[in-house]
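The values are calculated or read from the model by the stated rules, or taken from the named source; none is laboratory data. Small disclaimer: the values here were computed from a predicted structure and weren't measured. Here the Cβ positions follow ideal geometry from the backbone for every residue, glycine too, while neighbour counts run over all protein chains shown. The area values use the complete protein model at the heavy-atom level, side chains included, leaving out ligands, DNA and RNA. Shrake-Rupley method; radii C 1.70, N 1.55, O 1.52, S 1.80 Å.
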Amino acid sequence: MFAEVIVEIKASNTDRLYTYKVPEGMDLEVGMRVLVPFKNRLVEGYVVSLTDKPSYSLEKIKSVYKILDKYPIFNEKMIELAKWMRDYYKCYFSEVFQTIMPAGIDRGEKKVKLVRLKIEDVFEEDFKKAPRQYEVLRYLKKRSPIKLSELVKILNTDYGTIRALEKKGYIEVYEEEISRFQVRDVEKTFPPILTEEQKRAVEEVKKSILSGQPDAYLLFGVTGSGKTEVYLKLIEETVKIGKSAIVLVPEIALTPQTIERFVSRFGNRVAVIHSGLSPGERFDEWRKVKNKEVDVVVGVRSAVFAPFDNLGLIIIDEEHEATYKQSDTRPRYNAKEVAEKRCEIEKAVLVMASATPSLETYYKAIKGDYKLLKLTRRIKASMPEIEVVNMSEELAKGNNSIFSRKLFSYIKENLKKGEQTILFLNRRGYSSFVACRDCGYVPKCPNCDISLTYHFEDKKLVCHYCGYEEPMSETCPKCGSKRIRYMGIGTERVEMDIKKFFPEARVLRMDVDTTRRKGSHEKIFYEFKSGKADILIGTQMISKGFDIPNVTLVGVILADITLNLPDFRSSERTFQLLTQVAGRAGRGEKPGRVVIQTYEDNHYSILTAKEQDYVKFFREEIKYREIFKYPPFAHLMNIVVSGEDEGKVKNASANTYLACQKVINKLQVKSYNKILGPAPAPISKINNRYRWQVIVKSEEREVLEEIAEYVQNMKYPKDIRIAVDIDPLNIM
Ligand code: ADP
Ligand code: ZN
Ligand code: ZN
């Protein structure tokens, strides 16, 4: 018996199958990892097939040295998927396998400390002197057992309190192997009676699930129209016939609230994969799937690789989100495309859903590549009323604050009524840059071509790309002037101004700066949800998954930030973001209001967002895409050449350009294609590396694949790196 093996060496000349002999008595299976001799050392490899006929001369064949896994980690279908990814994203096999494999697979099982409530009857009177202890018990009554570390974090309590309770015999602290602990004692919920629209959607998809044939749907439903209930019902149907389901959600939507909805319906038959998990924890979730302990996986991008053997359904929530694309490392895959392929291979059904589908997906749906399902009405409340305020008019009327008079008065009203407000601004920090009023000097990052953002709390200037920091000086380093201007606002500034104007308001802020510590995201969320704050200020972290009935006002402090990004998708992103944020208002009984502040109140993104008319937005936007040959009318490829020496980078990018030209000539491409550049990337230096780019557009993806293959295998000077992204979502 012989094994065909992909070796774990990242180079183009070794990116192929190697044949090894399987020694007598070795229980080797396809999908296992092995150690094999390679040149003069042992390297790790992945067994992709077993055969009787070696494709290599017998006398030269070496033997597999050792098996590394107790059981196969990939099944044949996953290997087929991996092969497809390798060709489609033009990367190495070993990179794909590493992506599909759970991080932490070699760490094995881990033990955790858990806390369990031992006495159910707990009386508040007994804890008059120890309110913190009582708080712990009260929490445990709702959720027990729970990880000790999690409990401490959520309640912001200390180990002393826990030990005291243990001594009194109220609780027990014990150890268990991670995979078997059940933290999921969320109250069980039952499905509501579906609306006619929901029923119709479920019936359609259910037919496909039962047929056992691959199929793909776009579920286009406004925010709050009950999409999640449709997912839950579809999963139920899938599980009923003995199959399993994957639900992909974008990182920021993976709030405790979202997870709870799945767990409360399916109990501990659900695994959750989010980026906050340690490699060991990731592996444990993976193993639950492998051991058939769960039927459902809810998770971020990488959950698309959950190792089910009997996949029936993949749901992609908020399918327009850019987080489904892995942009920064190879393979630069899009989980949406991978899901579609996986469904094809495994004869499963794909359901993509959004209130604001990406242009590409909606275009495919109206062309008939996907089946289109619609949910047109909110279940509980009417759509919020949206008003747009032109901030130049505010200024003309003498209001130079960051709040329009309208938003200001609404905030005030809300505070008076005891209703909650969300203020959204897609930029963190205090001001996006500072400038000297006298000489115009703007401090920039010495490593990156980007101005530094001022963070008031720390009195620091920070680079949002590489993390460089310097103290904010009171005088201009160039001319010594004391007159500093703060340009462009961020969330920190919004918070300070709110506190200044509304000192009585209880304010929370949620952005990268306030959520660095593990669990802080959840903490802020629960604090706000439970009514411990009146106003929540945040970046796009708060645009999704927040279903809080008492939020009746949403203010968008400045819509223009996303609108003015140098990216052809900026209009689309703005429309999506505004719609999503607006969707946070009025989700309960009380009606919602939304105020969008902007300097561009005539822009179609803003106008259509105000009317909440996706189709109208689509019709406008698709015209531009067609004229300028952007997706969905052509594929793009972004090639970024980077290095420390600007001259070398420039040269290398010129060579890359010529290579693109050469491939296109050689292929005699007749369809539309265009090579743009070479030019400095919009952010022309990051971390001391200069960045130049070449962008290739083509109607045929295959042309781009050929070019990708060619330019990635070219010789470049040392230190020059080349990053190729086909169908990029970000071209900065
Ligand atoms: P979406 O996912 O489209 O934003 P959700 O599924 O979250 O919408 O539904 C919005 C709200 O309406 C949720 O609180 C949900 O529990 C509730 N809901 C959804 N469908 C029904 C139904 N058929 N009957 C009653 N309540 C429903
Ligand atoms: Zn100056
Ligand atoms: Zn920097």
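Selection of the stretch 135-155 for residues being farther than 20 Å from G276 by Cβ and either surrounded by fewer than 16 Cβ atoms within 10 Å (Cβ to Cβ) or under 27 Å from the mean Cα position of the chain (by Cα) (or both) yields E135, R138, K141, K142.
Are any residues in the stretch 460-499 in contact with a Pro (Cβ under 8 Å, 6 or more places away or on another chain), part of a strand (DSSP E or B) and either within 11 Å of ligand 2 (Cβ to nearest atom) or not charged (D, E, K, R) (or both), and if so, which ones? Explain how you work it out, then say what you get.
Just the residues of the stretch 460-499 that are in contact with a Pro (Cβ under 8 Å, 6 or more places away or on another chain), to begin with: 460-461, 468, 470, 477.
If we keep only those that are part of a strand (DSSP E or B) as well, we get 460-461, 470.
Within the stretch 460-499, just L461 meets the criteria.
Check K374, K412 and return the single one that is at pLDDT 95 or above and either assigned to a strand (DSSP E or B) or crowded, with 17+ Cβ neighbours inside 10 Å (or both).
Working: K412 fails: either assigned to a strand (DSSP E or B) or crowded, with 17+ Cβ neighbours inside 10 Å (or both).
Unique residue meeting the criteria: K374.
Rundown of residues vs (1) in contact (Cβ under 8 Å) with a residue 60 or more places away in the chain; (2) surrounded by 14 or more Cβ atoms within 10 Å (Cβ to Cβ); (3) part of a strand (DSSP E or B), yes/no style:
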| position | (1), (2), (3) |
| --- | --- |
| V30 | no, yes, no |
| L35 | no, yes, yes |
| E44 | no, yes, yes |
| P54 | no, yes, no |
| Y71 | yes, no, no |
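One residue stands out in the stretch 652-662 among those that are surrounded by fewer than 20 Cβ atoms within 10 Å (Cβ to Cβ) and of a type outside the set (K, R): the one that is nearest to M732 (Cα to Cα), namely A654. On the given criteria, is I273 in contact with a helix residue (DSSP H, G or I) (Cβ under 7 Å, 6 or more places away or on another chain) and free of Cβ contacts under 8 Å to residues at least 60 places away in the same chain? So I273 passes the test. The set of residues from the stretch 83-92 being assigned to a helix (DSSP H, G or I) and either free of Cβ contacts under 8 Å to residues at least 24 places away in the same chain or open to solvent by 40 Å² or more (accessible area, probe 1.4 Å) (or both) comprises K83, W84, R86, D87, Y88.
The residue list S520, S473, S530 contains one member that is at pLDDT 90 or above, open to solvent by 10 Å² or more (accessible area, probe 1.4 Å) and of a type in the set (S, T, N, Q), which is S530.
How about the stretch 437-459: which of its residues are within 16 Å of ligand 2 (Cβ to nearest atom), under 28 Å from the mean Cα position of the chain (by Cα) and among the aliphatic types (A, V, I, L, M)? Break it down into steps so the answer makes sense when it comes.
Applying the first criterion (within 16 Å of ligand 2 (Cβ to nearest atom)) to the stretch 437-459 yields 437-444, 451-452, 454.
Of the ones still in play, those that are also under 28 Å from the mean Cα position of the chain (by Cα) are 451-452, 454.
L452 - this is the single residue of the stretch 437-459 that is within 16 Å of ligand 2 (Cβ to nearest atom), under 28 Å from the mean Cα position of the chain (by Cα) and among the aliphatic types (A, V, I, L, M).
Go through the residues of the stretch 383-395 one by one and say whether even a single one is more than 26 Å from R485 (Cβ to Cβ), within 16 Å of ligand 1 (Cβ to nearest atom) and either open to solvent by less than 10 Å² (accessible area, probe 1.4 Å) or assigned to a loop (DSSP other than H, G, I, E, B) (or both). Reasoning before the result, please.
Initial filter on the stretch 383-395 (more than 26 Å from R485 (Cβ to Cβ)): 383-388.
Right, trim to within 16 Å of ligand 1 (Cβ to nearest atom) and you get 383-384.
Applying the additional criterion that residues be either open to solvent by less than 10 Å² (accessible area, probe 1.4 Å) or assigned to a loop (DSSP other than H, G, I, E, B) (or both) yields 383-384.
Yes, because at least one residue in the stretch 383-395 is more than 26 Å from R485 (Cβ to Cβ), within 16 Å of ligand 1 (Cβ to nearest atom) and either open to solvent by less than 10 Å² (accessible area, probe 1.4 Å) or assigned to a loop (DSSP other than H, G, I, E, B) (or both).
Among the residues of the stretch 532-570, those identified as assigned to a loop (DSSP other than H, G, I, E, B) and of a type in the set (S, T, N, Q) are T539, S543, N550, N564. Is one or more of the residues making up the stretch 571-584 outside any helix (DSSP H, G or I) and within 28 Å of R261 (Cα to Cα)? Checked the stretch 571-584: at least one residue is outside any helix (DSSP H, G or I) and within 28 Å of R261 (Cα to Cα). Per this entry, T515 is counted among residues that are in contact (Cβ under 8 Å) with a residue 12 or more places away in the chain and of a type in the set (S, T, Y).
Note on the stretch 415-436: among residues that are open to solvent by 20 Å² or more (accessible area, probe 1.4 Å) and part of a loop (DSSP other than H, G, I, E, B), the one that is nearest to P471 (Cα to Cα) is Y430.
Would it be correct to say that K199 is within 11 Å of ligand 1 (Cβ to nearest atom) and open to solvent by 40 Å² or more (accessible area, probe 1.4 Å)? In short, yes. Cβ-Cβ contacts under 7 Å between residues 6 or more apart (or on different chains), taken from a first residue in the stretch 213-235 that is within 24 Å of A585 (Cβ to Cβ) and free of Cβ contacts under 8 Å to residues at least 60 places away in the same chain to a second residue that is open to solvent by less than 10 Å² (accessible area, probe 1.4 Å) and more than 7 Å from ligand 1 (Cβ to nearest atom), are absent. Checking every residue in the stretch 570-578 against the condition of being within 24 Å of S409 (Cα to Cα), crowded, with 20+ Cβ neighbours inside 10 Å and over 22 Å from the mean Cα position of the chain (by Cα) gives zero matches.
Being in a loop (DSSP other than H, G, I, E, B) and either basic (K, R) or touching a Ser or Thr at 6+ places or on another chain (Cβ under 7 Å) (or both) is the filter here; which residues of the stretch 245-288 pass it? Of everything in the stretch 245-288, those that are in a loop (DSSP other than H, G, I, E, B) and either basic (K, R) or touching a Ser or Thr at 6+ places or on another chain (Cβ under 7 Å) (or both) turn out to be V249, P250. Do the conditions hold for V300, that is, is it under 19 Å from F220 (Cβ atoms), buried (at least 21 other Cβ atoms within 10 Å of the Cβ) and among the aliphatic types (A, V, I, L, M)? Here the answer is no, as V300 does not meet what is asked.
Residues are listed down the side, and each one gets a yes or a no for (1) hydrophobic (A, V, I, L, M, F, W, C); (2) open to solvent by less than 10 Å² (accessible area, probe 1.4 Å); (3) more than 16 Å from ligand 2 (Cβ to nearest atom); (4) over 23 Å from Y614 (Cβ atoms):
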{"position": "V294", "(1), (2), (3), (4)": "yes, yes, yes, yes"}
{"position": "H320", "(1), (2), (3), (4)": "no, no, yes, no"}
{"position": "Y324", "(1), (2), (3), (4)": "no, yes, yes, no"}
{"position": "S327", "(1), (2), (3), (4)": "no, no, yes, yes"}
{"position": "P331", "(1), (2), (3), (4)": "no, yes, yes, yes"}
{"position": "I345", "(1), (2), (3), (4)": "yes, no, yes, yes"}
{"position": "M352", "(1), (2), (3), (4)": "yes, yes, yes, no"}
{"position": "K364", "(1), (2), (3), (4)": "no, no, yes, no"}
{"position": "G368", "(1), (2), (3), (4)": "no, no, yes, no"}
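Table: residues versus (1) over 23 Å from Q326 (Cβ atoms); (2) part of a helix (DSSP H, G or I); (3) within 16 Å of ligand 3 (Cβ to nearest atom); (4) in contact with a helix residue (DSSP H, G or I) (Cβ under 6 Å, 6 or more places away or on another chain).
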{"residue": "L636", "(1), (2), (3), (4)": "no, no, no, no"}
{"residue": "G647", "(1), (2), (3), (4)": "yes, yes, no, no"}
{"residue": "N651", "(1), (2), (3), (4)": "yes, yes, no, no"}
{"residue": "L658", "(1), (2), (3), (4)": "yes, yes, no, no"}
{"residue": "K662", "(1), (2), (3), (4)": "yes, yes, no, no"}
{"residue": "K670", "(1), (2), (3), (4)": "yes, no, no, no"}
{"residue": "R691", "(1), (2), (3), (4)": "no, no, yes, no"}
{"residue": "P717", "(1), (2), (3), (4)": "yes, no, no, yes"}
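So for the stretch 411-427 (the condition being within 16 Å of ligand 3 (Cβ to nearest atom) and at positive phi), does at least one residue qualify? The answer is no; no qualifying residue exists.
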